[in-house]
Structures are given as C-alpha cells and as structure tokens.
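Below is one structure, written out as structure tokens; comments come after it.
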Amino acid sequence: MLTFKSFSGINNVMRPERLGADALQQATDVDIDVTGQISRRKGYASVSLEAHRSLFDAGDFLLATVGINGDLTAISGETRTTIYPSLGHERVWYCTLPDGRIAFSNGLICGLTDGTIYTGWGVPVPAGVGAAMGIPGNLFDGEYRWQITYVRLADGREGGPAYSEPISITEGGLFLSGLPVLAGYKINVYLTSHNDVGAYLAGSTTNAIFSFTGKNDELVQPCRTDFCKPAPAGICPTSWRGRALIAEGNVLYASRPNDWETFDVRRDYKQFVDPITLVVPVDDGIYVGTEKELSFLAGSQFDQLVYRLVVNGGTVLGSGVPVPGELVKQGEGAGQGSAMLCIADGRIIAGFNGGGITRLTENVYHTAVTEVHAHFRNHNGTPQYIATPQ
C-alpha cells in the first residue's frame, strides 16, 4: 500500500531511481482528480455474456457489434434491434450527422441508421447503363450519350450517374433496355444534346426499359450530380460546417455542403502523403493526423483550407477526440471554444482553435502505442482522456 501526501502524476520518462516520492511510473485502476487526489476506480458488473465490440453512445441508444458474427445492433434498455447483420469484428467508426442519424463504417462497409433501420450512406451509382437502339422520333441527327442515376423513393435523394458510350442517332429517337432496376429506387435518364455538351433529364422509369422520342428543346433540366458518389467506406468519419468528412487511405473526402450523403470526388478532397489516422474538426479548421504527422487545415471553407504542420511525428490511430477547450490546459490557464486531444509523437497533445497546440505530457509521459479507442469524459467533476490500446 502506498500513501501520498501529494501526488504530481505519472512519469514514465524519468529513470525510476530518479523519480520523486510524489510520482509513479504507472498506475492501474485508479482515478486522479484535478487536485491530485487518488482514488480506487470502481469496478463493473457484466450485463451480457455475448461479446460486444465497437460501442458507441448515440444518446437514445447504444450501437455495438454483437455476437459471433458481429451483428451491428442498436441497444435501448432491453430492446435490441439488428441494424446490419454480420458486419464482422473489425473496428467500426461512428459519427453523428447533422440530421441526427449515425454514420458507421468498418473500412469495407458503411451506412446510416437512426437506431431502427439501416440505409446506405448515399445513393449508389448504377452498375450499368443498359443497351440502346434507335427508334423513330424528333431528335436531331447526331452523336449522343445517355447517363442514368438512381433516385431513392423514400426521400427523393439522387445519386451520381453511370455514363454510356456515344451512340449515333439517325431516326430521331432512343430506346433503352436492360436498365439496372434496384428495389426502392427509380431511374432518371439523362441525354446529352446532339453536340455532346451537358446532359439533361429525358425522363424516369421504375422498369428496365425507357424510350425518348421528343425534341431537343425538351431537354432542359441538367444532371446536378455529375461525378458524385456515395460515401467511401473509410475511417474517422465526422461532420464539419454542414459537410460529412471521411478518410480513405491518405485522402480526406468531404461531402457536398449540407448534403452529407453525396460526395463530389473530383474536387472535394485533400490528399496527404501518408495514411490518415485522425480527423477532428474545431471551429476554424480541421486537425488531420497521419502515420507521420499531425497537421492543421485552417479555414472555414473546405476548398480554401490552408495546410500547416503542427507536430512532426506519427498520430496514433483512433486517439483523436473533440473536447471543450475550457477543460484543457493551455499555457498558464485553459483554452476556449472547441479543442481536441490526441496522441502524436508519443505524447498526449491538445489542439485548439487556430491550430495552436500544447504538448500536455512533454518530458513526463511517452507511449509507443499504435492504435487506441479514445474518448473524453467529465467524471465526477474531473476531465478524463481515456485511450485504451488495441
């Protein structure tokens, strides 16, 4: 049993023989409050014999992968709802979107849920465009292309198009067959003008066939989802200023503004040299960690963000969490506004608005861990950053 008159904290950097009587190299199952008081951490009781992995507190319910097959399950009291069966045992990443739904991804499969049902995270791009033949009609002779999109019947959301090869129309009309029908969706068909510029709505169908015999001047409504795709199945999803963000490899993708199910992959992305391990927004920018660095993208518009390196050292996968700046030390006082905590260059780092950082454990604590599950809580009045190694 150890008794401390005062406790300065954990220090695993100083050699053990030089460590003062007020510090420890490590401590297990204890809580330390803001005054340095140490208390035994309370235990826990098992509520289920099934394995529960990748837990997420969604407010009114919990999400977890449960059982042998890793079924993504919503848990509310005694009620359990299977959201996505057999999601597997890989780590699942979550974020709450502005409309209250929860986005999830395990790097291979992604989706959305409100705790009751599953929907895809975005409208899929059709797998094909069918086959075409000319029929009598009123179009000008010339070379045309068509493209098709899915429109979700439940909410009218339209996805990105699949594109055809050019076809020469000499009879004035177009007949399509073999369109890839998908349950719960209708198909919008767009047709270019005879000089192959732009694509305009020719009509819709819920069947595998479609025809257009009208005039060129009837084609007036452009396709507004050109080159758009649903969310990639990446990691570190989050939301920022009406956009959804998600990382895939060394690329950070952003959804279109106020449309967090549609991603324009031609323009709304930021590419890094190394694989991304952290994405945490603050009020005036985004912290992005990779296997080699921690950077700050400053600005309020995604396409105008300015890159700045803030830590030259790898950022631990899963270590980034948003925190209130007022609860984190900055200089002689505390921060303000939004902030974040992470592990970078082996130290616990606090990042604030403007890209300013504080190395909270410099010369005191260092870790070589490479992946954690991290969260922040205010426990009995004491702010706690908890990072569990994986």
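The values are calculated or read from the model by the stated rules, or taken from the named source; none is laboratory data. Keep in mind that this is a model prediction, so the values were computed, not measured. No Cβ is skipped: glycine too gets one built from the backbone with ideal geometry, and neighbour counts run over all protein chains shown. Ligands, DNA and RNA are excluded from the accessible area calculation, which covers all protein heavy atoms including side chains. Shrake-Rupley method; radii C 1.70, N 1.55, O 1.52, S 1.80 Å.
Data overview
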quantity: Checking E158 against (1) crowded, with 17+ Cβ neighbours inside 10 Å; (2) closer than 27 Å to E261 by Cα; (3) over 29 Å from the mean Cα position of the chain (by Cα), the condition it does not meet; calculated: (3)
quantity: When residues of segment 170-187 are limited to those that are open to solvent by 30 Å² or more (accessible area, probe 1.4 Å) and part of a strand (DSSP E or B), the one nearest to T119 (Cα to Cα); calculated: Y185
quantity: Tabulated pairs, segment 189-218, first in contact (Cβ under 8 Å) with a residue 24 or more places away in the chain, second among the acidic types (D, E), C-beta under 9 angstrom, 6+ apart or interchain; calculated: T192/E143; H194/D141; H194/E143; N195/E143; D196/E143; A199/D226; A202/E218; F212/E218
quantity: Residues being of a type in the set (A, V, I, L, M), farther than 19 Å from G107 by Cα and open to solvent by less than 90 Å² (accessible area, probe 1.4 Å) - total across segment 46-96; calculated: 5
quantity: Tally, over segment 105-129, of residues that are free of Cβ contacts under 8 Å to residues at least 60 places away in the same chain, open to solvent by 50 Å² or more (accessible area, probe 1.4 Å) and over 15 Å from E261 (Cα atoms); calculated: 3
quantity: Residue list for segment 140-155, filter: open to solvent by 10 Å² or more (accessible area, probe 1.4 Å), over 30 Å from S255 (Cβ atoms) and touching a strand residue (DSSP E or B) at 6+ places or on another chain (Cβ under 7 Å); calculated: D141, G142, E143
quantity: Subset tally (residues that are closer than 22 Å to S54 by Cβ and assigned to a strand (DSSP E or B)) for segment 331-378; calculated: 11
quantity: Residue within segment 283-293 that is open to solvent by less than 10 Å² (accessible area, probe 1.4 Å) and part of a loop (DSSP other than H, G, I, E, B) present; calculated: no
quantity: Spans of strands (runs of 3 or more DSSP E) in segment 197-275 with at least 2 residues open to solvent by less than 60 Å² (accessible area, probe 1.4 Å); calculated: 199-205, 210-212, 235-240, 243-248, 251-254
quantity: L191, sole failed condition from (1) surrounded by 17 or more Cβ atoms within 10 Å (Cβ to Cβ); (2) more than 35 Å from the chain's Cα centre (by Cα); (3) not basic (K, R); calculated: (2)
quantity: Conditions (1) open to solvent by less than 10 Å² (accessible area, probe 1.4 Å); (2) without any contact (Cβ under 8 Å) to a residue 40 or more places away in the chain; (3) in contact with a Lys or Arg (Cβ under 9 Å, 6 or more places away or on another chain); number of the one not met by P166; calculated: (1)
quantity: Filtered residue count, segment 267-276, keeping only those that are modelled with pLDDT of 95 or more and over 10 Å from N250 (Cβ atoms); calculated: 2
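Quick grid of which residues meet (1) over 23 Å from P237 (Cα atoms); (2) in contact with a helix residue (DSSP H, G or I) (Cβ under 7 Å, 6 or more places away or on another chain); (3) open to solvent by 60 Å² or more (accessible area, probe 1.4 Å):
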{"residue": "L297", "(1), (2), (3)": "no, no, no"}
{"residue": "F302", "(1), (2), (3)": "no, no, no"}
{"residue": "G314", "(1), (2), (3)": "no, no, no"}
{"residue": "P322", "(1), (2), (3)": "no, no, yes"}
{"residue": "G333", "(1), (2), (3)": "yes, no, no"}
{"residue": "H375", "(1), (2), (3)": "no, no, yes"}
{"residue": "H379", "(1), (2), (3)": "yes, no, no"}
